[in-house]
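We did not get these values from a lab; they are worked out from the coordinates using the rules stated. Quantities reported herein were computed from a predicted structural model and do not represent experimental measurements. Backbone-built Cβ (ideal geometry, glycine too); neighbour counts: all protein chains shown.
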Amino acid sequence: MSTFAAYQISRLDNGEFKAGIEDFQKDDLSKGDVLIKVHYSSVNYKDGMVSTPDNPLVKDYPIIPGIDLAGVVEKSNDPQFKEGDEVIATSYEIGVNHHGGYSEYANIPSEWIVPLPEGISLEQAMIYGTAGFTAALSIHRLEAGGLTPEDGPVLVTGASGGVGSMAVAMLAKRGYTVEASTGSQEHEEYLKRLGAQKVISREDVYDGKLKPVQSERWAAAVDPVGGEQLASLLGQLKYQGAAAVSGLTGGTKVPAQVYPFILRGISLIGIDSVNCPMPLRKKIWNRLAEDLKTTDAFEDIKSVIRLEDLTDTLQSILQGNTRGRVIVELK
Ligand SMILES: NC(=O)c1ccc[n+]([C@@H]2O[C@H](COP(=O)([O-])OP(=O)(O)OC[C@H]3O[C@@H](n4cnc5c(N)ncnc54)[C@H](OP(=O)(O)O)[C@@H]3O)[C@@H](O)[C@H]2O)c1
């Protein structure tokens, strides 16, 4: 194939931004020692951010977004990978400052690539995607701090989104009692099908008034929302509870007080998927695959789009109007 299709965002000479499908050649791709035929990518909140003009993430245009991809190795200059290998590539600079997954082909540095875990398909790998990886890393960190299902209910905020949906499904599979907080009660049935025992409103977590400490409700929280909701949930964690924070859809300022830390011994754990070291990255991917291998939630969580649908979907995710995981089919 001499040319192939990719969704590209460019800055024009007059300063305006243009986004759409372009013809690409393999030589136009970013440098990397493994050429991958992309079968699936996905839509994450960060892809939405990358698609907005003058965002703080992209240093140089044009860029092919798509922070994660799964596909088959077509050519490799690293003996770790050979033609025909099924692989996943997420994080690092992919789709931000290195051409990403919204393309039929991607050139990726071998040190950013994870072999597809046994027992899952390339499509499932992108249903998990960066969101699933982040949910799994959050749960891993909470459990490394001692969390077990016997400790009590676990809160998941932003539950109908990508990280939230994956966290609900994964925690439920691991035997936790999950309370899912969402801004849209229309998602109640969906969240219960994923395994949430209770679905609550955002206002139930934060009613507009921040209090230093409130009644103890949750043993832990997986929080991709941040902002005032995070400040509020900290004051409702049980004694020695912990919150794993990964996101900012509810805001970047967290007006927390010191009281729950010093009166209840709670912990706040930061989650970063982008530079997670490779040995832990591989462990988390394998654990995610193992935990959700037998789930029947995939059909509910996923919706499938193609490159031509991206402009609308990238806007939707920024407005909080997508549910679960949106995957982009390229094969
Ligand atoms: N740290 C990392 O390595 C890492 C990795 C992946 C993602 N993230 C971050 O995690 C967050 C979620 O990513 P995602 O891909 O899962 O996005 P997503 O699919 O858009 O999910 C975000 C969810 O947050 C809730 N939400 C949206 N606006 C809100 C608001 N104003 N106040 C409170 N809740 C709001 C919505 O859920 P409800 O309607 O159900 O409330 C929405 O579905 C993003 O900030 C993303 O950048 C970080």
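Brief remarks on what is shown
- Sorted peptide list for 74-86, 25-37, criterion being average Cβ within 10 angstrom, highest first: 25-37, 74-86
- Listed residues GLY183, VAL58, VAL96: farthest to the positive end of the dipole of the chain (Cβ charges): GLY183
- For the chain, the C-alpha radius of gyration divided by 2.2 N^0.38 Å, with N the number of residues, is 1.00.
- The distance from the alpha carbon centre of the stretch 85-143 to that of the stretch 238-299 is 18 Å, rounded to a whole number.
- About the Cα centre, charge dipole magnitude for the chain (Lys/Arg +1, Asp/Glu -1 at Cβ), debye: 1020 debye
- Candidate lysines - alpha carbon under 21 Å from LYS209, same-chain residues fewer than 8 apart omitted: LYS238, LYS253
- Helical segments meeting 15 Å axial Cα length and Kyte-Doolittle -0.5 threshold in the chain (DSSP H): 122-144, 162-173
- Charged side chains reduced to their Cβ positions (Lys and Arg at +1, Asp and Glu at -1) give the stretch 160-255 a dipole of some 280 debye around its Cα centre.
- Percent of beta bridges antiparallel (DSSP, the chain, rounded to nearest 5): 60 percent
- Cross-link reach list, lysines versus LYS75, counting only Cα pairs under 25 Å and skipping chain neighbours closer than eight places: LYS26, LYS31, LYS37, LYS282, LYS331
- Ordering TYR45, ALA106, LEU35 by Cα displacement along the dipole of the stretch 1-123 toward the positive end leaves TYR45 in first place; charges were set at the Cβ atoms of Lys, Arg (+1) and Asp, Glu (-1).
- Comparing SER232, SER165, SER110 in a Gaussian network model of the chain, where Cα atoms under 10 Å apart are tied by springs, the biggest mean-square fluctuation is seen for SER110.
- Dipole-positive endmost among ALA256, ILE327, PHE298 within the stretch 238-331 (Cβ charges, Cα centre): ALA256
- Under the convention that each Lys and Arg Cβ holds +1 and each Asp and Glu Cβ holds -1, the size of the dipole of the stretch 52-128 around its Cα centre is about 120 debye.
- Protection proxy ranking of 252-264, 300-312 - average other beta-carbon atoms within 10 Å, highest first: 300-312, 252-264
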